[in-house]
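The values are calculated or read from the model by the stated rules, or taken from the named source; none is laboratory data. Quick caveat, the model's predicted, so the values are computed rather than measured. Glycine also receives a Cβ, built like all others from the backbone with ideal geometry; neighbour counts cover every protein chain displayed. In case anyone asks, the SASA skips ligands and DNA or RNA and just uses the protein heavy atoms, side chains included. Shrake-Rupley method; radii C 1.70, N 1.55, O 1.52, S 1.80 Å.
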Amino acid sequence: QVQLVESGGGLVQTGGSLRLSCAASEITVRLNAMGWYRQAPGKQRELVARISRLGTTNYADSVKGRFTISRDNAKNTVYLQMNSLKVEDTAVYYCNSASYWGRGTLVTVSS
């Protein structure tokens, strides 16, 4: 059974940075594409960033140039580095692989 556990969320001011982590099984990180999604109050869950099995990355236009997704197979972990945070980045962030989801970590950006 695949387990995904997010951490690193918190409260930060506009322009600040946070680094989210997603601890997963080695098989999940190494063999599957991994993604970060977010869901703000009253909005649908949306894709933020994705990294393929071979390391190709894709980003939502709204975060391009500010967020970076990466992985460390040896540590069974996927990361999301978030810089230059904006109020509109406020959401619960979820780690995803195929049909598996973590419980989420809350990111709140204050002005």
Practice problem: Only residues that are open to solvent by less than 60 Å² (accessible area, probe 1.4 Å) and farther than 18 Å from Ala33 by Cβ: list them for segment 63-74, please. | Solution: Arg66
Exercise. Within segment 33-78, track down each residue that is of a type in the set (S, T, N, Q), touching a residue at least 40 places away in the same chain (Cβ under 8 Å) and on the phi < 0 side of the Ramachandran plot.
Key: Gln39, Asn73, Thr77
Quiz item: Can you name the residue in segment 64-89 that is outside any strand (DSSP E or B) and small (Gly, Ala, Ser) and, of all such residues, is nearest to Thr105 (Cα to Cα)?
Solution: Ser84
Quiz item: Within segment 1-13, restricting attention to residues that are open to solvent by less than 80 Å² (accessible area, probe 1.4 Å) and more than 13 Å from the chain's Cα centre (by Cα), which residue is farthest from Arg38 (Cα to Cα)?
Solution: Val2
Exercise. Run Thr77 past the list (1) open to solvent by less than 50 Å² (accessible area, probe 1.4 Å); (2) modelled with pLDDT of 95 or more; (3) more than 15 Å from Leu11 (Cβ to Cβ) and report the number of the one that doesn't hold.
Key: (2)
Quiz item: When segment 29-50 is examined, which residues are found to be outside any loop (DSSP other than H, G, I, E, B) and either at pLDDT 95 or above or crowded, with 21+ Cβ neighbours inside 10 Å (or both)?
Solution: Val29, Met34, Gly35, Trp36, Tyr37, Arg38, Gln39, Glu46, Leu47, Val48, Ala49, Arg50
Quiz item: Does at least one position in segment 9-20 carry a residue that is under 20 Å from Tyr100 (Cα atoms) and not in a loop (DSSP other than H, G, I, E, B)?
Solution: yes
Practice problem: For Arg53, indicate whether it is of a type outside the set (Val, Ile, Thr), in contact with a Lys or Arg (Cβ under 8 Å, 6 or more places away or on another chain), assigned to a helix (DSSP H, G or I) and farther than 15 Å from Gly102 by Cβ. | Solution: no
